[in-house]
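Just below is one structure, and these are the notes that go with it.
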Amino acid sequence: MKALILSGGKGTRLRPLTYTGAKQLVPVANKPILWYGIEALVSAGITDIGIIISPETGTEIERKTGDGSLFGANITYIRQDSPDGLAHAVKIAQPFLGDSPFVMYLGDNLIADDLIQYLEEFKEKNLDALILLRKVSNPSAFGVATVNEKGEVLELVEKPKNPQSNLALVGIYFFSPSIHNAIANLKPSARGELEITDAIQCLLENQKLVSARQLKNWWLDTGKKDDLLEANRIILDTNLTSENLSTIEENSQIIGRVKIGKDTKIINSTIRGPVIIGENCTLENCFIGPYSSIADNVKLTETDLEHSVILESAEVLGIQQRIVDSVIGQRAKIHLALKRPKAFSFMIGDDSQIELT
């Protein structure tokens, strides 16, 4: 069994953060989103992993993620020169996949369910495809499945104007090698892409065994700011364990589950968990509230922060005003001018500099 993780695309919904980096490397609880998918696959016993990368961000993904040894896996990088659809990604990965069944995993997805239960069903029933579904409030934004009471898939439609159900395809699919023949006969959709939903529909029309299961727990597509913050909240809520590798000054207070990396200085500040703080940070005269993630080399002074994600080497200095529901990019700098509004909410890209007036 192999795996194919899709980690290309331009990340337009997370701009300006993704103007200078891959959306799959944006951290959730100080870990790149992509790495959660790799860890989930390895946990299910799948260690031969191909990652689809784009020309724009592929080098960064390869440099940061490496050859897979960090995860106990073997990673092969496959370049997709243009984003021509999910089925196109499978098509160009066929030399890597060979005749092996495989899991296709969209690299900006997070799920709580263990993959092993679905993998076992896929193998035991000798299925040609197993798709994972989740009820959503806006099915027109997703590929949508119609299923019968037995969980058998009747029809798949990509982003329908008039959805026949509210069951969206989660970005995780299990395929036998028969999917390659289906993809070989595809024509581009109206939006110019080879759609994986069309390929699965082709399997159905050829009487192949296609089944569906609804996720039992949460699923998040982290392509937008609010989803990213929600993913950060859930991961901190469910996975964080307390750890302190730095010295906390006596006039500071740590409350609840807080993880602090080495060489970080906490000066005259209160940290109320769940919160994760990286290495070599400085926090002085701050209140850091729940569901905040602070990456390495961040400097915060006179800052009241809650439910936010601060990326590596960012600086927030002397704001003296509550910051909530914000994502602040790498090396971004925020400092206070003479006049200021009553509240701030930010989504700030890498290398930005902002002066508040």
Margin query: Looking at the stretch 227-244, can you tell me whether even one residue there is closer than 30 Å to Pro290 by Cα, over 25 Å from the mean Cα position of the chain (by Cα) and of a type outside the set (Asp, Glu)?
Written below: yes
Note to self: Between a residue in the stretch 207-229 that is in contact (Cβ under 8 Å) with a residue 24 or more places away in the chain and any residue that is small (Gly, Ala, Ser) and open to solvent by 40 Å² or more (accessible area, probe 1.4 Å), which pairs come within a Cβ distance under 6 Å, given they are 6 or more apart or on different chains?
What the structure shows: Asn217/Ala112; Trp218/Ala112
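So, of the residues in the stretch 318-345 that are buried (at least 19 other Cβ atoms within 10 Å of the Cβ) and hydrophobic (A, V, I, L, M, F, W, C), which turns out to be modelled with the lowest pLDDT?
In the first step, residues of the stretch 318-345 are kept if they are buried (at least 19 other Cβ atoms within 10 Å of the Cβ); the result is 319, 323, 326-330, 332, 334.
Next cut, hydrophobic (A, V, I, L, M, F, W, C) only: 319, 323, 327-328, 332, 334.
Values: Ile319: 82, Ile323: 92, Val327: 91, Ile328: 92, Ala332: 90, Ile334: 90.
Checked the stretch 318-345; the qualifying residue modelled with the lowest pLDDT is Ile319.
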Check: Among the listed residues Val258, Val210, which satisfies the condition of being open to solvent by less than 50 Å² (accessible area, probe 1.4 Å), modelled with pLDDT under 95 and of a type in the set (Val, Ile, Thr)?
Finding: Val210
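Taking the condition of being of a type in the set (Gly, Ala, Ser) and either surrounded by fewer than 20 Cβ atoms within 10 Å (Cβ to Cβ) or touching a Pro at 6+ places or on another chain (Cβ under 9 Å) (or both), how many residues in the stretch 30-56 meet it? I'd like the intermediate steps shown before the answer.
Of the residues in the stretch 30-56, the ones of a type in the set (Gly, Ala, Ser) are 37, 40, 43-45, 50, 54.
Within this subset, residues satisfying the condition of being either surrounded by fewer than 20 Cβ atoms within 10 Å (Cβ to Cβ) or touching a Pro at 6+ places or on another chain (Cβ under 9 Å) (or both) are 43-45, 54.
Looking only at that region, the number is 4.
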Item checked: Check on Asp351, open to solvent by 40 Å² or more (accessible area, probe 1.4 Å) and either closer than 19 Å to Ile235 by Cα or in a strand (DSSP E or B) (or both) -> no
Margin query: If I filter the stretch 326-344 for residues that are touching a residue at least 40 places away in the same chain (Cβ under 8 Å) and outside any loop (DSSP other than H, G, I, E, B), do I get at least one hit?
Written below: yes
Next item on the list: Keeping to the stretch 62-114, report how many residues are under 19 Å from the mean Cα position of the chain (by Cα), surrounded by fewer than 18 Cβ atoms within 10 Å (Cβ to Cβ) and small (Gly, Ala, Ser).
Entry: 3
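Listed here are the residues, each with its yes/no results for (1) closer than 19 Å to Pro27 by Cα; (2) of a type outside the set (A, V, I, L, M); (3) in contact with a Ser or Thr (Cβ under 9 Å, 6 or more places away or on another chain).
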residue: Thr222; (1), (2), (3): yes, yes, no
residue: Lys225; (1), (2), (3): yes, yes, yes
residue: Ala231; (1), (2), (3): yes, no, yes
residue: Ile234; (1), (2), (3): yes, no, no
residue: Glu249; (1), (2), (3): no, yes, yes
residue: Val258; (1), (2), (3): yes, no, yes
residue: Lys262; (1), (2), (3): yes, yes, yes
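Based on what the data block shows, is Glu193 outside any strand (DSSP E or B), under 26 Å from Ile33 (Cβ atoms), at pLDDT 90 or above and in contact with a Gly (Cβ under 9 Å, 6 or more places away or on another chain)?
no
The values are calculated or read from the model by the stated rules, or taken from the named source; none is laboratory data. None of these values were measured; they are calculated from a predicted model. So basically every Cβ, Gly included, is an ideal-geometry build from the backbone, and we count neighbours across all protein chains shown. Keep in mind that these areas ignore ligands, DNA and RNA; they rest on the heavy atoms of the full protein, side chains included. Shrake-Rupley method; radii C 1.70, N 1.55, O 1.52, S 1.80 Å.
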